[in-house]
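The values are calculated or read from the model by the stated rules, or taken from the named source; none is laboratory data. Source: prediction; values computed, not measured. Neighbour counts are summed over all protein chains in view; Cβ atoms, including those assigned to glycine, are modelled from backbone coordinates with ideal geometry.
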Amino acid sequence: MSKVLVVGGGAAGLMAAGYAAQKGNDVTIIERNERSARKVMITGKGRRNVTNKCDSVQDIISNFPVNGRFLFSALNSFMPADTIAFFESAGIKLKVERGNRVFPVSDKAVDIVDALTDFALSNGARIIHARAKELIIENSAVKGIITFDNEKLIADRVLISTGGLSYPQTGSTGDGYEMAKQAGHEIIEPMPSLVPLVAHEGFCADIQGLSLKNVEIRVIDTKNNKIIFTDFGEMLFTHFGVSGPIILSASSHMREMSKGRYVIYIDLKPALTAEQLDTRVLRDFSENLNRNFINSLNSLLPKKLVPVIVKLSGIRPSEKTNQVSKEERHRLIELLKGLKVTVNGFRPIREAIVTSGGVKTSEINPKTMESKLVKGLYFAGEVIDVDAYTGGFNLQIAFSTAKLAGENI
């Protein structure tokens, strides 16, 4: 029996602790917060997308922008089907929504947290509330940790599952990176992923708070003039730019960010072709023949958006609808089918759902999650340099790496 310390009681830490304890190890979770898995509680609007119902490892890996192959063994040991079975065996009923996203039927993240906590504790792991400061390493082997209260906790094995730098209020403040560096590991620079975007256009601030549903976006990388992402759904205008589900998804496709490199085109009426939309606009104009142009779009667009579209169209607000030329109308259609937002950058990493970057994967054994540099040191979850697109994939990374680490400790 080994004495095991799990640093970080999030999704990965609780899962790994449960499996390690299940094998007869003496397992203690070191959690700095009074409540475990706080990030699981607050992300996803409190609903908690637990996984994505992909059927093959290759399908899952295709949703990882970098280092997907590193997770081959971890995913094979614990697939989305295993995640679903895990929670359903714990009495949590699940449902599958758009994009194969899997949620608890209750729509309550607390049910997921409680199931993970119960799994760890019922298998014999215990939780103590402290903050790990540094590793105790002797002869290239880990021997325990020292807390910020200068308490020494001795162990045969240590697993670091402290998350990244996103949502620091949940305890993800980079402690795991510092301990990994102490052990000699290289840290790939942490960057925000699944994060709101700062826009160049001032009209975003003018319509802050406006939520658009059922719109379609396409993202162009101006460096090579290629479409790198398209999606359909909901987005939000903010004082700094844009946010919302499809914007967060888009952000994870934006690598090597630079000001103006990425441009988003918003199709405000994706259900209509340009020709159908033109017919619709003509009908609205005919019903408002003697009205000013600015007063003719209220049935077509949200009220808050009308002044922005009018200004960008170049058509005089006071122009009568029966005087709008064909050329002006076509310019309006192009605008409605492709409202342009230029991306100046990401919002701060603390606002990101996921941190990209972390412990270099080539320094971790992909079949065990053990450090190649320090014996007895393991990693799981977001602290590793692997992240995924939105849709439940990032939590699956946590579960798969945790299961593999826990069973190999």
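Among the residues making up segment 361-374, a single one is touching a Ser or Thr at 6+ places or on another chain (Cβ under 6 Å) and surrounded by fewer than 16 Cβ atoms within 10 Å (Cβ to Cβ): 367.
Each row is one residue, and each column tells you yes or no for (1) under 26 Å from residue 307 (Cα atoms); (2) assigned to a loop (DSSP other than H, G, I, E, B).
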| site | (1), (2) |
| --- | --- |
| 180 | no, no |
| 189 | no, no |
| 236 | yes, no |
| 242 | yes, no |
| 249 | no, no |
| 253 | no, yes |
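No other residue among 62, 77, 56, 36 is in the same structural domain as residue 147 (by TED's automatic domain parsing) and closer than 22 Å to residue 121 by Cβ apart from 36.
Being without any contact (Cβ under 8 Å) to a residue 12 or more places away in the chain and hydroxyl-bearing (Ser, Thr, Tyr) is a condition met by at least one residue of segment 322-340.
Exactly one residue out of 105, 113 is of a type outside the set (Lys, Arg) and modelled with pLDDT under 95, and it is 113. For segment 143-165, the criterion of a residue being in contact with a Leu (Cβ under 6 Å, 6 or more places away or on another chain) and in a loop (DSSP other than H, G, I, E, B) is satisfied by at least one position.
Under the condition of being buried (at least 19 other Cβ atoms within 10 Å of the Cβ), out of contact with any Gly (no Cβ under 9 Å at 6 or more places or on another chain) and either at negative phi or among the aromatic types (Phe, Trp, Tyr) (or both), the residues counted in segment 143-187 number 6.
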